[in-house]
Amino acid sequence: MKEWVHARVAVFSVRDQLYCDHAHEAEQKIEKALREDKIRSSQDGASLSCEDWAKRGSWPEGHYDEDGNWVEKYDREPCGEDEGPLSLMAHGIKLHHKDLEKWISSQKLKPSRPSGTSYEKLDAPLVEEMQTLIENGKASSRTEAAGLVSSKAKGASDDAKVHRLVKRHREKYGQ
C-alpha cells in the first residue's frame, strides 16, 4: 500500500464514499480535515486559500504536477486574481493514505433507522389490548393475543407484526 495518495484520487474517493454531490464538495471536506490536522499532506499549508498564502507573505516552495512529479517553484503566483482557492487537485498535493482512510471511516454515517419511524407509539395501545385479551381469557398466550390484534398494526408482514408485538408485550409485562 502506498504511503501517500494523490489528492485528485483522494477527492474522488471521498466523493464516492461519503456520497458528495460534486468533487468540489469532497475537496472542501478534505481541506477542512487538513486545517483540523486530521490528515497529513505532502505540502505544508495544503489547505490554505490564496488569501491565507498572501497573509503569510510567501507561496509554497513547490507543488506536485498532475503526473505526481514535484515541481520546485511556481512559474507564477499559484493563484491569479480570479483563480480562487489553492486547489488540492490543481496543485497535485498528496495526502497520507492511512490518515485519509481513518478520516473517511470517521465521517461515514452508521446505519440507523431514521428518527421518528419506529412503530413503538403505534404499538402501545395494541400491547394494552393484548394484555386485556390475555386477562379476559380470550387469548392463552401473548403470541395468540398478538395474532388477534396484528391486523391493526402497521408493518410489512403479519409474521413481523406478531413478532414485534410479542416482543413489546414481553418488554412491558415481563415473561
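The values are calculated or read from the model by the stated rules, or taken from the named source; none is laboratory data. Note that the structure is predicted; figures quoted are calculated from it, not measured. Cβ: placed from backbone, ideal geometry, glycine included. Neighbour counts: every protein chain shown.
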Residue within the range 72-91 that is assigned to a loop (DSSP other than H, G, I, E, B), over 23 Å from His22 (Cβ atoms), modelled with pLDDT of 85 or more and under 36 Å from the mean Cα position of the chain (by Cα) present: no
Checking the condition surrounded by fewer than 16 Cβ atoms within 10 Å (Cβ to Cβ), assigned by TED's automatic domain parsing to the domain that holds Ser42 and not aromatic (Phe, Trp, Tyr), which residue from Lys152, Lys167, Lys102 passes? Lys102
Could you check Glu66 against (1) modelled with pLDDT of 55 or more; (2) surrounded by fewer than 14 Cβ atoms within 10 Å (Cβ to Cβ); (3) closer than 24 Å to Glu101 by Cβ and say which number it fails? (1)
Among the numbered criteria (1) at positive phi; (2) at pLDDT 80 or above; (3) not aromatic (Phe, Trp, Tyr), which one does Gly45 miss? (2)
Restricting the range 1-31 to residues that are more than 15 Å from the chain's Cα centre (by Cα) and of a type in the set (Lys, Arg), the residue that is surrounded by the fewest Cβ atoms within 10 Å (Cβ to Cβ): Lys2
